[in-house]
Amino acid sequence: MGRMRPCLHSHFVPPEAQALSLLPHLPQLALDGWGDWTWPRALRNTLSHPLQFCFLGVLLAPVRVLLAFIVLFLLWPFAWLQVAGLTEEQLQEPITGWRKTVCHNGVLGLSRLLFFLLGFLRIRVRGQRATRLQAPVLVAAPHSTFFDPIVLLPCDLPKVVSRAENLSVPVIGALLRFNQAILVSRHDPASRRRVVEEVRRRATSGGKWPQVLFFPEGTCSNKKALLKFKPGAFIAGVPVQPVLIRYPNSLDTTSWAWRGPGVLKVLWLTAAQPCSIVDVEFLPVYQPSPEESRDPTLALGIPATECEFVGSLPVVVVGRLKVALEPQLWELGKVLRKAGLSPGHVDTEAEPGRSRMISQGEFARQLQLSDPQTVAGAFSYFQQDAQGLVDFRNVALALAALDGSRSLEELIRLAFELFAEEQAEGSGRLLYKDGFSTILHLLLGSPRPAASTLHAELCQPGPSQGLSLYQFQKFSLHDPLYGKLFSTYLRPPCTLRSISQIPNASPPGSPTALANGTVQAPKPKGE
């Protein structure tokens, strides 16, 4: 019988089943701003209390926010004093003595006052926090809001991992230096290696360093499910204590996710609540097995959605691919429709198999766009070379995908014709890695490395390094997983909202809708 792990979900659905069940709903989720995924129903229902929120939003919220910002700036002297005059070498060891006593307690007390002023009158703690010897690493989830650092208070201000760019943020940078945070740069691969080494050094110091706290999801979600954990917290192979964060309030004003209200709105709505409560629950310590200590990815076998973030792009794993939850193709369609442009009426004659690089000015003339802001926005959706030019084949394929008059079979053939290359011996045309990656990136939003890996696997049975038209059609039209993926993503999303209003219309995912790759419908009023 397998070893039991402290679970954050009671049920687990295999990733393949998750991906297939999610596919028919991805376009609608993206259109609706992910619906309940990013803007909780309870928050939308606040409109039923207009007098309460007008009163509290006008009177209580501004006073609270003002006082909270004053306390935030009062934190700076304590944070500065703890590291003032210390060399970089001294900061490689934990701070002790009077600096630790005065500054640590000062920051801890003012931080609690800061959250109190924002309306978090109660922090309810359940379970028992492990000592630094019992669990050198803490992992907190779900990470749903910028208020989540409140979990540091019952954890006695453990060390954190943060982006190096945050050092330049006023006050926040000083607090990170005070915390002796482990800093990682997303733009420097060597930085990640140094972070791994530093986490391992602190976690195996025998209690010399305070605990290190991770938000292993790496970004904020909406608390409906866990995002796929990143392995950083498990690299050292030491005992880990999971920490649950909940906001059991009647109105969810705290969620701050990929789609939904911005920072100021979340801050204002939360400050307008008479009282906000947060629950922090310490779960039993998890001791990794010898196998998990050698391979930290084995410790990630917790129930979680396969959704994760690649940079700032949310993706879901489907087979061997990472697919954008909302491909940029759909965003491009919104921009063009707003400008009154119909993709089907644009002359997109592109020479098959040969690139033709165009500038932003040529792009505007080709698409007959005159508004500079619209031109810049649409042009930015295509990958540019060092001279700021884009391959017109990318534009032609994107416009063809947005043109609802084409069937899925016609679109797949066009994609192959545009990016396949003629063989030197004249024995036909093949789709190589770069063209294949470009097609999947344009149509599905797949990161190029994942597409390149899949291309190599598809080519593996034969001696060739490219795919024939038959192989590409078999992959994109007839594969039980990837075929459904293509048909789902290449259905024009602007028509989905009104499908249910059309008599005898094929529902999303039906054989007719999937075979045609498109569902035609008039726009609803007010869209």
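Annotation: Phe73 carries an accessible surface of approximately 120 Å², with a 1.4 Å probe and no ligand, DNA or RNA atoms counted.
In terms of accessible area, using a 1.4 Å probe and ignoring ligands and nucleic acids, Tyr432, Tyr489 rank largest first as Tyr432, Tyr489.
With R₀ fixed at 60 Å, the C-beta to C-beta distance from Leu66 to Thr453 puts the FRET efficiency at about 0.70.
A straight Cα-to-Cα reach below 27 Å connects Lys338 with the lysines Lys265, Lys523, Lys525, residues fewer than 8 places away in its own chain not being considered.
The fraction of accessible area contributed by carbon and sulfur in the stretch 74-183 is 61 percent, rounded to a whole number (1.4 Å probe; ligands and nucleic acids excluded). Protein heavy-atom accessible surface, 1.4 Å probe, per residue over the stretch 84-169: 48 Å².
Taking all protein chains as shown and a probe of 1.4 angstrom, Arg122 keeps an accessible surface of around 120 Å². Accessible area per residue was computed with a 1.4 Å probe on protein heavy atoms; Glu409 scores about 90 Å².
List the lysines whose Cα sits under 17 Å from the Cα of Lys230, skipping any in the same chain fewer than 8 residues away. Leaving aside lysines fewer than 8 places away in the same chain, those within reach of Lys230 are Lys322.
The values are calculated or read from the model by the stated rules, or taken from the named source; none is laboratory data. Small disclaimer: the values here were computed from a predicted structure and weren't measured. Positions of Cβ are backbone-derived with ideal geometry, glycine not excepted, and every protein chain shown enters the neighbour counts. With ligands, DNA and RNA removed, areas are computed over all heavy atoms of the protein, side chains included. Shrake-Rupley method; radii C 1.70, N 1.55, O 1.52, S 1.80 Å.
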